Amino acid sequence: MDQAELFFPQPIPTAQLDVAPQEACDDDTPFRFEEVEPEPRVAYLVRLADYPHPAPDAVKVAEQRFRRELDRQLGSDVVPALHAFQNASESGESDLTKDEVILANRWIKAFDAARTAGFRDLGDTDEAYFAVRAV
């Protein structure tokens, strides 16, 4: 390769491709976003508090594991169950409806399972806890 080829490269000839026009399909109707109902999202935050070791990746994975298990246990009832549990802890059982008592009991079981999943692989976690807050 000499200087002329280096600084003034010759264009590479390209082969002309014959592309056949695409026929319109009657079965392919356009997608309309107006017809789609939005999926309800669970609006809550999970935070691992007082974890003694400064490992942000481990904390993030633990929070994700906790949230995934909580979602698996409660589904879309996470926020209502959280509110029912908070109401139950602030008042007596006689002040709650039967549905609220059931949701509060589901919250206790789900939170325990999620805490076990979240603390897996973390090591020393005597002082750490998961805080869940509705947004």
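The values are calculated or read from the model by the stated rules, or taken from the named source; none is laboratory data. It should be emphasised that the depicted structure is a prediction, and the values quoted were computed from it without experimental measurement. For neighbour counting, all protein chains shown are included, and Cβ atoms are generated from backbone atoms with ideal geometry for every residue, glycine included. Only protein heavy atoms, including side chains, enter the accessible area calculation; ligands, DNA and RNA are left aside. Shrake-Rupley method; radii C 1.70, N 1.55, O 1.52, S 1.80 Å.
How much length is gained if the chain between residue 43 and residue 2 is pulled fully straight, taking 0.36 nm per residue apart and subtracting their Cα-Cα distance, in nm to one decimal?
Here the answer is 8.2 nm.
Going by average Cβ density within 10 Å per residue, which order do the peptides 126-134, 71-79 take, highest to lowest?
Result, highest mean first: 71-79, 126-134.
Ranked by accessible surface with a 1.4 Å probe, highest first, in what order do 125, 97 come?
From most exposed to least exposed: 97, 125.
Rank by packing, highest mean first: peptides 4-11, 80-87, with packing defined as the count of other Cβ atoms within 10 Å averaged across residues.
Those peptides, ordered most packed to least, come out 80-87, 4-11.
Here are several values of log10 I(q)/I(0) by the Debye sum over Cα atoms at q = 0.11 Å⁻¹: (1) -0.67; (2) -0.38; (3) -0.60. Which one was derived from the coordinates shown?
Recomputing log10 I(q)/I(0) by the Debye sum over Cα atoms at q = 0.11 Å⁻¹ here gives the entry labelled (3).
What nm distance separates the two modelled labels at residue 98 and residue 121, each placed 7 Å from Cα along Cα→Cβ?
4.3 nm
May I ask for the angle, rounded to the nearest 10°, between helix 56-74 and the longest principal axis of the chain, with both axes built from Cα atoms and the value confined to 0 to 90°?
70 degrees
Size of the dipole of the chain about the Cα centre, Lys and Arg at +1 and Asp and Glu at -1 on the beta carbon, nothing else charged, in debye to 20?
Dipole about the Cα centre, nearest 20: 800 debye.
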